[in-house]
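Student: Supplied in structure tokens, the structure appears directly below.
The values are calculated or read from the model by the stated rules, or taken from the named source; none is laboratory data. Note that the structure is a prediction, hence the values are computed from the model and not measured. Note: ideal-geometry Cβ built from the backbone for every residue, glycine included; neighbour counts use all protein chains shown.
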């Protein structure tokens with residue numbers, strides 16, 4: 001069953017990764033800006049709509065990075081430590097690209113005032129949640145295989 005449905009499992013996996021990446025970003029936004037922490041520190045923040053519009057670029061960008069680092073291969077091929085290393089690499093490259101865009105676009109007021117703390121929190125939260133999501137998928141697939149549904 002699992003071998004026959006590998007392509008649909010991969011599509012489902014991409015959708016889950018997109019959802020988890022969006023949740024990571026929204027959680028980071030809430031911690032840094034939505035909770036009022038940034039305004040208490042005296043930091044100027046942008047409108048929430050600008051931060052949420054950035055998701056339209058961030059989510060597909062991270063999915064491309066995950067694809068580039070071969071994170072959509074079957075779970076039996078990729079070990080947990082190897083997968084975590086690839087997640088760490090993909091998110092680090094994403095952080096660097098994000099930082100470069102903010103650095104080179106600093107003359108534009110929206111990019112100049114974009115919260116760098118939010119970007120760093122997103123980096124950490126995304127690594128944790130993507131790793132947790134992939135481990136849950138690995139455990140579920142192991143359970144399905146142990147019941148003999150992959151034959």
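Student: On the given criteria, is residue 144 in contact (Cβ under 8 Å) with a residue 24 or more places away in the chain, out of contact with any helix residue (DSSP H, G or I) (no Cβ under 9 Å at 6 or more places or on another chain) and surrounded by 12 or more Cβ atoms within 10 Å (Cβ to Cβ)?
Tutor: yes
Student: Here's something else I'd like to know. Restricting attention to the stretch 114-127, report how many residues are more than 12 Å from residue 21 (Cβ to Cβ) and either surrounded by 17 or more Cβ atoms within 10 Å (Cβ to Cβ) or without any contact (Cβ under 8 Å) to a residue 40 or more places away in the chain (or both).
Tutor: 8
Student: Take residue 111 and decide whether it is part of a helix (DSSP H, G or I), in contact with a helix residue (DSSP H, G or I) (Cβ under 9 Å, 6 or more places away or on another chain), surrounded by 14 or more Cβ atoms within 10 Å (Cβ to Cβ) and modelled with pLDDT under 80.
Tutor: Here the answer is yes, as residue 111 does meet what is asked.
Student: Hey, another quick one. For the stretch 1-97, which helices (runs of 4 or more DSSP H) that fit wholly inside it have 3 or more residues that are surrounded by 17 or more Cβ atoms within 10 Å (Cβ to Cβ), at pLDDT below 80 and in contact with a strand residue (DSSP E or B) (Cβ under 9 Å, 6 or more places away or on another chain)?
Tutor: none
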